[in-house]
There are 4 protein chains.
Amino acid sequence: VSKARLEAFCDGVFAIAATLLILHVSADGRGAALAGALTRAWPQYAAYLLSFVMIGIWWVNHHAYLSVIDRVDRTFLFANLALLICIAFLPFPTQLVAEHLRDPGRRAAAFLYCLTLTAAAVSMAFLWRHASRRRRLIAAATTDAQVRRHTRDVALGPPANAATALLSLWSAEVALGFVALFALFYVVGGGALTRRTTA
Amino acid sequence: VSKARLEAFCDGVFAIAATLLILHVSADGRGAALAGALTRAWPQYAAYLLSFVMIGIWWVNHHAYLSVIDRVDRTFLFANLALLICIAFLPFPTQLVAEHLRDPGRRAAAFLYCLTLTAAAVSMAFLWRHASRRRRLIAAATTDAQVRRHTRDVALGPPANAATALLSLWSAEVALGFVALFALFYVVGGGALTRRTTA
Amino acid sequence: VSKARLEAFCDGVFAIAATLLILHVSADGRGAALAGALTRAWPQYAAYLLSFVMIGIWWVNHHAYLSVIDRVDRTFLFANLALLICIAFLPFPTQLVAEHLRDPGRRAAAFLYCLTLTAAAVSMAFLWRHASRRRRLIAAATTDAQVRRHTRDVALGPPANAATALLSLWSAEVALGFVALFALFYVVGGGALTRRTTA
Amino acid sequence: VSKARLEAFCDGVFAIAATLLILHVSADGRGAALAGALTRAWPQYAAYLLSFVMIGIWWVNHHAYLSVIDRVDRTFLFANLALLICIAFLPFPTQLVAEHLRDPGRRAAAFLYCLTLTAAAVSMAFLWRHASRRRRLIAAATTDAQVRRHTRDVALGPPANAATALLSLWSAEVALGFVALFALFYVVGGGALTRRTTA
């Protein structure tokens, strides 16, 4: 499997996972009650928005890491598969968060959501560690400084996501708020911050 | 992320969003009643058709704008993500319109439909403004006249779509009829008109 | 929109439409009754198989026609969109046929199925007529003999599919049997026949 | 249809089939009961994981076989379609296994699961036999030793998968355990073993 085909396959999974999110958005109002039902369904829109942005961020990051390597090996392929398994899983906890944000199930839903992101971050960290160790898969044009920056960035993912997972056991709103804030900073954030917060 | 990969990712989201529309088409007649149920389900076919054509038009337009730029930056990526979030959201209001076209919920459904298109048009206008400002991302081969024409076209999108959204609060049928007429003109329309009406 | 991007977009819609078919396959048996329910669900497998093969045949044909042209224009784009709308619609009548093959709704279901294929064939014929008229979009390397053969082939699609649609009003089984036979001949058929039967 | 387009189409089906798996994962707990429901839903996560990995392995293998050929013919196209029909079918038995792993329907579900994989392996073996016979579609750069190794590997698929299908009639857990073990060995396994177990 060449790097180009792997990228195309990953792009497919990212795009499908993001687009499938809409299948879980629903509103039950009948007739004139629809307007009210649509308004009350805001957690569904918020969850759709958050997960679409998260998948978009992961897609951008995934490309950033792949852009500095120029070959893939078997271990890389299957570590990457683990990452895709996590990304493609996200629509499920997204739906749970949307449905349970206003009932006592919210903490279990938020925990599974953050746990999925943590698993994705661990896969990504393993993927990078494998690719970068002794520059195993790194392209010749990539500087050691770039490799070091990626190594430092990717190491932040697992503890940061695990922290939100733990936080969600105490308060789903606070944990998801942190995830949303992170996404917001990532998207609008300036150079220094965003260069460091990858995954 | 290169422009080529971004295009491939966007193509994926457009194609998936359009193809998912069919999952919401349904007819409930049992046995011999199926023929009647299929006939009565015409709002579902109409909504499927309208949204598929709208997504097709957006896809064509998106390519027209991307064809005159030759690089992307971080802001472009995330403005583009906002556009994709709107396009991928369309199956939800499409389903609402199909289900509620003959009950009092029709205005709420049509409003959400037009609001989604308005948000897409705003994202597209922002995207283009960012790309074209001082020719930031514009390809060298693109003439200033082309840039000006795109700038003029893209500016029509937000007010036109916002107007149908407002209209839908008064009459869902009239608002959706305008959207359908616009799509029809766009598809069959001659040069001058179609060159100007870009989303 | 270049021909390459159009092909990629079409490939996406064909692949997604085919893969979505499985979402409608279901079996309701609980516990030990599952084995019986899975056996009785054979119309679902048959409908899945037939539609997947039909979409595959259309995909192959679509490529055959696109391989002799080397540019696309606006009319081609939207005629092609009409074709995609028909292909992406197929999962709906497929589900109806699977569910109603053993109740009186079977004729309505089969009629909609054949009507969808007829609409696809009409779109394809229009698409080709537009592309081939005075070799408007035909690649220079394409011989006139190739163009004539495609023109002859594509003309068979609408009447053949319309005939099965009419037939389905009398007998769903016979009409769908003809569609299946056609697909079988197409897939295993020898040169002369298959070269002529292009949907 | 060129080999490149065929690969892109296949990649699409593999990616979509894998990503659709999540649509069947669900948990029914309301409110505070959600945490318990999510824990009890482990067969759903396990089935999702197993099928995603299986599709990933098939994707890798499919590329390995396609990498040594350099053209496709009509028979290859339709044998490949048969393979895609099996891969795209997998979400259905996956859902059955997940739902019935703890009731008496488990053997029927596991049998259909293994039967689907067997059909995929038979398609792959036929595909390869057709491509490799007298090096019909084999690239000039491919050595005879490579061809022989692929021929030996692909022949293992049908009997191995048929054996698990038979086994599932006696014990679903043991049969699925073998499938999972095979996947595990494939992913983490060393050279000699993994080079032999392809499909």
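Brief remarks follow.
- Candidates are the residues of segment D:28-55 that are among the charged types (D, E, K, R) and touching a helix residue (DSSP H, G or I) at 6+ places or on another chain (Cβ under 9 Å); the one that is nearest to the other protein chains (Cβ to nearest Cβ) is D:Arg30.
- Condition check for D:Ala47: assigned to a helix (DSSP H, G or I), among the aliphatic types (A, V, I, L, M) and farther than 28 Å from D:Ala82 by Cβ: no
- Residues located in segment C:1-11, provided they are hydrophobic (A, V, I, L, M, F, W, C) and either within 7 Å of chain D (Cβ to nearest Cβ) or assigned to a helix (DSSP H, G or I) (or both): C:Ala4, C:Leu6, C:Ala8, C:Phe9, C:Cys10
- Filter result for the condition that a residue is within 14 Å of another protein chain (Cβ to nearest Cβ), of a type in the set (Gly, Ala, Ser) and within 20 Å of the chain's Cα centre (by Cα), over D:Ala125, D:Ala88: D:Ala88
- Screening B:Thr142 with (1) among the hydroxyl-bearing types (Ser, Thr, Tyr); (2) touching a strand residue (DSSP E or B) at 6+ places or on another chain (Cβ under 9 Å); (3) within 14 Å of another protein chain (Cβ to nearest Cβ) gives one miss only, at (3).
- Test: residue in segment A:69-82 that is within 12 Å of chain B (Cβ to nearest Cβ) and either touching a His at 6+ places or on another chain (Cβ under 6 Å) or of a type in the set (A, V, I, L, M) (or both): no
- Tabulated pairs, segment D:42-54, first within 21 Å of D:Thr118 (Cβ to Cβ), second among the acidic types (Asp, Glu), C-beta under 9 angstrom, 6+ apart or interchain: D:Ala47/D:Glu99
- Scanning segment C:91-103 for residues that are of a type in the set (Asp, Glu) and more than 7 Å from every other protein chain (Cβ to nearest Cβ) gives a single hit, C:Glu99.
- Pairs are defined by a Cβ separation below 7 Å, a sequence spacing of at least 6 or placement on different chains, a first member in segment A:154-165 that is on the phi < 0 side of the Ramachandran plot and surrounded by 16 or more Cβ atoms within 10 Å (Cβ to Cβ), and a second member that is among the hydrophobic types (A, V, I, L, M, F, W, C) and outside any helix (DSSP H, G or I); the pairs so defined are A:Val154/A:Ala199; A:Gly157/A:Ala199.
- Subset of segment D:12-27 (residues that are open to solvent by less than 10 Å² (accessible area, probe 1.4 Å) and either more than 7 Å from chain A (Cβ to nearest Cβ) or closer than 19 Å to C:Val60 by Cα (or both)): D:Val13, D:Phe14, D:Ala17, D:Leu20, D:Leu21
The values are calculated or read from the model by the stated rules, or taken from the named source; none is laboratory data. It should be emphasised that the depicted structure is a prediction, and the values quoted were computed from it without experimental measurement. Glycine gets a Cβ as well: all are built from the backbone with ideal geometry, and neighbour counts include every protein chain shown. Side chains are part of the model used for accessible areas, which takes the heavy atoms of the whole protein and leaves out ligands, DNA and RNA. Shrake-Rupley method; radii C 1.70, N 1.55, O 1.52, S 1.80 Å.
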